[in-house]
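The values are calculated or read from the model by the stated rules, or taken from the named source; none is laboratory data. Since this is a predicted model, take the numbers as computed values, not measurements. For neighbour counting, all protein chains shown are included, and Cβ atoms are generated from backbone atoms with ideal geometry for every residue, glycine included. For the accessible areas, the whole protein counts, side chains as well, though only heavy atoms, and no ligand, DNA or RNA atoms are used. Shrake-Rupley method; radii C 1.70, N 1.55, O 1.52, S 1.80 Å.
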Amino acid sequence: MMDLLQVLRMNQPQRLVIFSEQSTGQQGVLYIQNSEIIHAELYGSVPGRTGQLLHLSGKDAFNRIVRFRNGRFSEKTYVPPEQVTIHEPFDSLVMNASTLMDESNDTVDSASIRTILLVDTDPMHRMLVQRTLFAEGFDCTAVRNAKEAMLLLDEDPVDMIITDTLSPDVTPLAFMQWLRAHRPDCPVLVLLAPADQSFEDVVAGGNLTFLRKPVSMNRLKEQLFQMTQVGFRGYLNQISVFDFIQLNLSSTDRKKLHIRDLSTGVDACVYIEGGRFVHAEYLDLEGEEAFYKIVAFKNGDFFEDPGFDPPRRTLDHLQPHKLMIQAARYLPAPEPVAPGLDTLFAGAEGVTHLFGEGELGTPFGEGLAAGIDNLFGDND
């Protein structure tokens, strides 16, 4: 959350951002002006009342919002708050919130779900889902039916179960009852067949989540994010992929950045560890080639995924600042504008945070990048 707040402060003089927490249904609202948070509101439901009601405002609301575990955020058209309730500088505000979290031991286990048992009677679908889970960084064991799953779970517990409802040896209802008796705390994602019209109503409740077949792999990944990840997903106006990647580089945590090119729908990822780029994937490309493709996304939908180990290490031999300098050459060309001194340096939004206050268009970025190459040397 703290890294996301840094992103929210970038590029725009004012923002109104709504957070929706997946686990509690609460909503948080942040008003940002000139890189400072000036007001916060926390909304939640009340038994017997419809809609969301205001619970907290000001610093108390901010301190609760930064504890949200996962969900979504969205940016709305900025409307000034009725009152400014937060006058504390951003750095001090975040530090105090972090101190309160430490004192209350309010920490999040970002690696709570890593092992998944897949139960699927269709061999082709089982292989496709298992490959998708491997690609997302999960350790997945696949079995053919519920009986095999029960034998395995007796000896080797897992963090999560994905199962269809077509096992011939054990009825779906009997399997769900067994799971509730033997693995009551394990979340289960049930892939319902088209014929299972009433099954969801019969077994609903507990740690069960349902998806109806056929299930696309993108939909499966979306559901896994909602069930397993600590973090937020959303879209911000005027934040370039370049900026997002660069900001996350400042963190010392290990994380996987998921980035979707909104113009093509292609998913890509960048792995970061200890302030260094470790690996990048885009379609069938890896390493530098993939990284340069990713930073060139003109519009991206992104979220971060903490704690994942990279499948390979294709970038950690490169100096991060030099990789970003090279990547600046691949930034999208600026939109055509009328010539003038005030627009001469428009475009390539992310470069300003790397090179200084003046924003440089792509041709200027190439020249500057070439000059810095000569300063640092060509070999990484």
Of the listed pairs K293/K322; K221/K255; K76/K255, those with alpha carbons more than 20 Å apart are K76/K255
Report the normalised scattering of the range 272-324 as log10 I(q)/I(0) at q = 0.21, 0.31 Å⁻¹, calculated by the Debye formula with identical scatterers on the alpha carbons.
-0.85, -1.38
Using a simple spin-label model with points 7 Å from Cα along the Cα→Cβ vector, what separation in nm is obtained for D60 and R180?
3.9 nm
Once the whole set of protein chains is in place, how much accessible area is left on K213, using a 1.4 Å probe, in Å² to the nearest 10?
40 Å²
Taking 1 over the mean of 1/r across every pair of different Cα atoms in the range 45-185, what Kirkwood radius in Å do you get?
19.6 Å
Heavy atoms of D309: accessible area, 1.4 Å probe, square angstrom to 10:
90 Å²
Rank these residues by their accessible area, most exposed first, probe 1.4 Å: S45, S20.
S45, S20
Each label sits 7 Å from Cα toward the beta-carbon; between I18 and H321 the label points are separated, in nm, by 4.2 nm
